[in-house]
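To keep things clear, I will list the structure first and then write my remarks on it.
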Amino acid sequence: MNKLETIISLAKRRGFVFQSSEIYGGLNGCWDFGPLGVELLRNLKESWWREMTFRDDVEGVDASILMHPRTWEASGHVAQFSDPMIDNKTSQARHRADNLIEEYIDRMIKKKKTQLAIEIEEKLLVATEPADFYKIIIDHQIPDPVSGTCDWTEVRSFNLMFKTFIGPLEDTSSVVYLRPESAQGIFVNFKNIMESSRQKLPFGIAQIGKAFRNEINTKNFLFRTREFEQMEMQYFIKPGSELEWFEYWKDQRLNWYADLGMPIDKLKLKVHDKLAHYANHAVDIEYEFPFGWGEIEGIHSRTDFDLSRHTEYSGKKLEYVDTVNNERFIPYVIETSGGVTRSLMAFLCNAYTEELAPSEIGKMEPRTVLKFHSKLAPVKVAVFPLVNKDGMPELAENIYHDLRKSFMAQYDTGGAIGRRYRRQDEIGTPFCLTIDGQSLEDQTVTIRNRDTMLQDRIPVDNIKKYIVDLLG
Ligand code: GAP
């Protein structure tokens with residue numbers, strides 16, 4: 001098993017992530033979060049929400065997933081939110097044509113055919129139409145990784161939005177889309193939020209919510225899925241100040257990942273070579289996954305594109321009136337757009353550690369430990385009676401029930417103490433409490449730190465404070 005397969009297997013075995021509808025054979029590109037996964041997800045979102053909205057200049061919103069279909073005409077998604085798709089006639093394998101070319105470039109780089117890789121990369125940078133991608137594939141005889149052949153269909157454009165119908169009639173007038181990004185729910189509420197919260201520029205609107213894309217190829221576990229969650233913030237600013245705010249938000253967002261335990265050498269900023277038509281600056285925060293570098297968040301300077309388009313399509317003025325300088329204008333926007341579920345995967349990969357550690361009798365043994373930042377850890381503390389007799393379980397249960405009111409906690413009486421520690425290490429629990437003979441005499445317990453594996457002895461009355469202080 002490679003590292004990613006090992007992580008996926010642990011995620012399933014310990015109740016983090018399951019394949020959607022698994023008993024029916026699964027649904028491609030969709031995943032379910034189990035008891036530990038849902039806690040990890042909640043902790044991640046809570047950390048983002050605090051970071052982004054516990055400040056004077058950012059408000060929150062929770063917009064509906066189904067929106068008026070004109071939204072997606074205004075945003076450009078109906079006309080342009082598509083990927084170039086190509087099929088191999090021999091293997092029937094379906095690919096995103098741009099990904100097929102990118103993977104070929106990577107293979108050429110590995111084979112040290114650098115000049116060829118640069119030549120294809122340059123063509124890819126200016127490719128926009130299906131015919132452009134097709135020409136690159138045919139000119140360079142790029143083979144299908146499955147069959148090895150070059151018998152390709154034409155490249156077709158495939159719109160990624162999921163369509164459904166609103167109301168009982170299934171005709172063109174009732175078509176609506178599952179939103180492919182949460183951002184448009186923010187733009188259409190710009191005026192409502194600015195007026196109801198009496199905000200002045202610069203200010204932002206933050207949202208966490210589901211998004212849906214009918215991806216041609218789903219891959220790499222939670223990395224590219226058809227249903228996923230985003231955490232997005234649009235920061236509305238005065239035109240001309242975009243570079244300053246772009247730099248500010250780039251630093252803020254990078255620091256957030258680093259503060260939650262991602263080593264800086266596993267993160268990198270990738271400046272976009274190819275800008276979307278509405279953007280004047282764009283950078284991706286990438287994380288080094290077991291399969292290579294991949295985007296976890298984009299920071300985009302979107303100019304006044306979105307508000308101007310919604311003004312045009314809705315007929316409602318989405319402008320800002322600056323009463324101090326006596327001017328009116330459509331604000332520019334800096335967007336921070338992260339994937340909750342993709343980041344969760346990055347944090348899971350980052351936490352996954354296999355190491356040698358001393359057992360209870362001092363012998364070095366392998367252990368698997370999820371070294372989550374304590375803010376993200378799904379379970380904060382586990383409580384064990386050393387043995388299941390002599391009054392230890394009674395005291396341990398009392399402590400557990402008391403802690404459960406404040407923290408996600410687990411109670412475990414099963415097996416040797418070393419095995420119980422290992423079970424908690426494997427799900428990333430930062431603290432384990434053991435109630436032993438001495439606990440009954442002097443009302444103290446041992447508390448073990450997941451990473452150092454060192455133990456302290458502390459009074460029962462101090463447990464909560466001790467954990468709160470260390471959780472930060
Ligand atoms: N509003 C801008 C926007 O949606 P994006 O780069 O398409 O930009 C932003 O998406 C983030 O959403 C990505 O950085 C990624 O974390 C997440 N994301 C996008 N597509 C995804 C997918 N198919 N599966 C999982 N996460 C995805």
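Points to keep in mind about this one:
- Which listed residue, of T429, T434, T413, is more than 29 Å from the chain's Cα centre (by Cα), modelled with pLDDT of 95 or more and crowded, with 21+ Cβ neighbours inside 10 Å: T434
- Number of positions in region 171-203 that are surrounded by 11 or more Cβ atoms within 10 Å (Cβ to Cβ) and either more than 13 Å from the ligand (Cβ to nearest atom) or within 18 Å of T323 (Cα to Cα) (or both): 17
- D306 near the ligand (Cβ under 10 Å from one of its atoms), over 11 Å from the mean Cα position of the chain (by Cα) and farther than 20 Å from Y248 by Cα: yes
- Considered as a group, the residues in region 281-298 that are out of contact with any helix residue (DSSP H, G or I) (no Cβ under 7 Å at 6 or more places or on another chain) and within 15 Å of the ligand (Cβ to nearest atom) include one that is farthest from I334 (Cα to Cα), and that residue is W293.
- For region 54-72, the count of residues that are buried (at least 19 other Cβ atoms within 10 Å of the Cβ), touching a strand residue (DSSP E or B) at 6+ places or on another chain (Cβ under 9 Å) and at pLDDT below 95 is zero.
- Where a residue in region 160-189 is over 18 Å from A74 (Cβ atoms) and its partner, wherever it lies, is aliphatic (A, V, I, L, M) and within 13 Å of the ligand (Cβ to nearest atom), with Cβ under 7 Å and at least six apart: F162/L178; T164/L178
- Residue satisfying all of: in region 224-233; touching a helix residue (DSSP H, G or I) at 6+ places or on another chain (Cβ under 6 Å) and more than 6 Å from the ligand (Cβ to nearest atom); farthest from W249 (Cα to Cα) among these: E229
- Hey, M345 of a type outside the set (D, E, K, R) and more than 10 Å from the ligand (Cβ to nearest atom) or not: no
- Residues that are closer than 19 Å to H272 by Cβ and not polar (S, T, N, Q), drawn from region 78-96: F81, D83, P84, R96
- All conditions in (1) at positive phi; (2) of a type outside the set (D, E, K, R); (3) touching a Lys or Arg at 6+ places or on another chain (Cβ under 8 Å) hold for Q424, with the sole exception of (1).
Yes or no, residue by residue, for (1) over 27 Å from the mean Cα position of the chain (by Cα); (2) in the same structural domain as R448 (by TED's automatic domain parsing):
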site	(1), (2)
G338	no, no
P358	yes, no
L370	no, no
S374	no, no
V387	yes, yes
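- Selection status of D98, more than 16 Å from the ligand (Cβ to nearest atom) and of a type in the set (D, E): no
- The strands (runs of 3 or more DSSP E) located wholly in region 220-328 that include 2 or more residues which are in contact with a Gly (Cβ under 7 Å, 6 or more places away or on another chain) occupy 227-237, 281-289, 292-301.
- Candidate set from region 329-339 (those that are assigned to a strand (DSSP E or B) and touching a helix residue (DSSP H, G or I) at 6+ places or on another chain (Cβ under 9 Å)); member that is surrounded by the most Cβ atoms within 10 Å (Cβ to Cβ): V333
The values are calculated or read from the model by the stated rules, or taken from the named source; none is laboratory data. Everything numeric in this text was worked out from a predicted model, so none of it was measured. Don't worry about glycine lacking a Cβ; one is built from the backbone with ideal geometry, like all the others, and counts go over all protein chains shown.
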